[in-house]
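The values are calculated or read from the model by the stated rules, or taken from the named source; none is laboratory data. This is a predicted model, so every value here is computed, not measured. Cβ atoms come from the backbone with ideal geometry, glycine included; neighbour counts cover every protein chain shown. Side chains are part of the model used for accessible areas, which takes the heavy atoms of the whole protein and leaves out ligands, DNA and RNA. Shrake-Rupley method; radii C 1.70, N 1.55, O 1.52, S 1.80 Å.
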Amino acid sequence: MNRYKSLQQFLNPHFEDEVYQLAAITADASFRRYFRLNRGQDSYIVMDSDPAKLDNTPYIELNKFFSEHGFKLPKILHADEKQGFFLLSDLGNIHLADMLDDKERINHYKHLIKLSAQWAKMPPVEHMKDFDRAFLELELSIFLEWLVEGFLELKVTEAERTLWQTSCELLIENILAQPSVTVHRDFHSRNIMHCEQQWAIIDYQDAVQGPVCYDLVSLLRDCYFKLPHDELEYLLEQAFAEFEQQGLINNISFVTFKQWFDLTGIQRHLKAAGIFCRLNLRDGKLGYMDNVLPTLRYIGDVAQDHSSLVELGKWINSTIIPATLVALNKVPTK
């Protein structure tokens, strides 16, 4: 409550005692909280990002960087960096996720593939970490710690642990083999908005230098929406041509590109499934648990298409998914 009062004290000078309404809106998967502020016909977004829990410097500095390079992001209108309060421009409430039944869906994705390629070409700057081996090992460990051992309470056998370590090594080598580019990290349907006939990007503060296929996986193998297989294949071919044209890949066959894409997707989805469980167990956020099974099924299905990961796919399909189905029945609905 004290923090909410401090937030109001931050806002009041900017509105000179004018009447405004402040309403909570859906929070993201971090410790940030968001509000929509309405004053007459005007609206703004207010972000509460406690610096005791989050480093806000990347949010501020990368906002300047990407905005200066022509990307549409929320504008930081006022900020109290010490307290972690931000008044932002309001980009509306239309996300790509709200447009996926649109007859123009394929064209939306084609435009966003171009946008992701432009994003990838941005030079590295301070506050962007490298997607290196240590970073990848940490991300992959989230799956075992929070989903397998935490949520499912399974004891991993020696054979399973060996399989896990072998599979992780393959996934890491696949990512390190790719050209390193600027990666948003969460370039999916809930973080892409449509505002004033433009695509706008939010949740950009975790941008890294990483594999060329990563944002493409976030977009086309979205944890929150599954593209029909024929559309996915078509868009992947479009992306291959676009990335070649933009100089992001050179002298690479489509077969290799597809393998990069698939295995990068497995790494990302292992991490995502683990994070959904961590949000539940550690942070008390149940809203992501509906996404665990679809994410696991992505992993199982794609792994079966690659001989080196067939055994991982079998483990996911025969052990992890059945145990997850049982465990999800015990999760409270609220």
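Of the residues that make up the stretch 213-222, is at least one in contact with a Gly (Cβ under 6 Å, 6 or more places away or on another chain), at pLDDT 95 or above and of a type outside the set (Ser, Thr, Tyr)?
Initial filter on the stretch 213-222 (in contact with a Gly (Cβ under 6 Å, 6 or more places away or on another chain)): 217, 221.
Still in the running and at pLDDT 95 or above: 217, 221.
Filter once more, keeping what is of a type outside the set (Ser, Thr, Tyr): 217, 221.
Yes, there is a match, as at least one residue in the stretch 213-222 is in contact with a Gly (Cβ under 6 Å, 6 or more places away or on another chain), at pLDDT 95 or above and of a type outside the set (Ser, Thr, Tyr).
Per-residue answers, yes or no, for (1) under 25 Å from Pro124 (Cα atoms); (2) among the basic types (Lys, Arg):
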residue	(1), (2)
His14	no, no
Ala23	no, no
Gly40	no, no
Leu54	yes, no
Thr57	yes, no
Lys64	yes, yes
Ser89	no, no
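Is it true that some residue in the stretch 102-114 is among the β-branched types (Val, Ile, Thr), within 21 Å of the chain's Cα centre (by Cα) and buried (at least 16 other Cβ atoms within 10 Å of the Cβ)?
Kept after step one, since they are among the β-branched types (Val, Ile, Thr), are these residues of the stretch 102-114: 106, 113.
Retained after the next criterion (residues that are within 21 Å of the chain's Cα centre (by Cα)): 106, 113.
So of that shortlist, the ones also buried (at least 16 other Cβ atoms within 10 Å of the Cβ) come out as 113.
Yes, there is a match, as at least one residue in the stretch 102-114 is among the β-branched types (Val, Ile, Thr), within 21 Å of the chain's Cα centre (by Cα) and buried (at least 16 other Cβ atoms within 10 Å of the Cβ).
Looking at the stretch 148-164, which of its residues are open to solvent by 30 Å² or more (accessible area, probe 1.4 Å), touching a Phe, Trp or Tyr at 6+ places or on another chain (Cβ under 9 Å) and either among the aliphatic types (A, V, I, L, M) or modelled with pLDDT under 95 (or both)?
Within the stretch 148-164, Leu163 is the sole residue that qualifies.
For the stretch 246-274, how many residues meet the condition of being open to solvent by 40 Å² or more (accessible area, probe 1.4 Å) and either closer than 17 Å to Glu139 by Cβ or part of a helix (DSSP H, G or I) (or both)?
Total satisfying the criteria: 5.
Which numbered condition trips up Lys129, out of (1) touching a residue at least 60 places away in the same chain (Cβ under 8 Å); (2) open to solvent by 30 Å² or more (accessible area, probe 1.4 Å); (3) under 20 Å from Gln259 (Cβ atoms)?
(3)
Considering only the stretch 112-122, I want to know if a residue exists there that is modelled with pLDDT under 95, outside any helix (DSSP H, G or I) and closer than 24 Å to Phe243 by Cα.
First, the residues of the stretch 112-122 that are modelled with pLDDT under 95: none.
Taking every residue of the stretch 112-122 in turn, none turns out to be modelled with pLDDT under 95, outside any helix (DSSP H, G or I) and closer than 24 Å to Phe243 by Cα.
Can you list the helices (runs of 4 or more DSSP H) lying wholly within the stretch 284-330 that have 1 or more residues being among the polar types (S, T, N, Q)?
Details: elements: 292-303, 310-315, 321-328.
Answer list for the stretch 284-330: 292-303, 321-328.
Leu281 versus (1) buried (at least 16 other Cβ atoms within 10 Å of the Cβ); (2) in contact with a Gly (Cβ under 6 Å, 6 or more places away or on another chain): which is the lone unmet condition?
Going through the list (1) buried (at least 16 other Cβ atoms within 10 Å of the Cβ); (2) in contact with a Gly (Cβ under 6 Å, 6 or more places away or on another chain), Leu281 breaks only (1).
Among Arg268, Arg278, which is among the charged types (D, E, K, R) and farther than 17 Å from Ile175 by Cβ? Break it down stepwise before answering.
Numbers: Arg268 fails: farther than 17 Å from Ile175 by Cβ.
Checking each option against the conditions leaves just Arg278.
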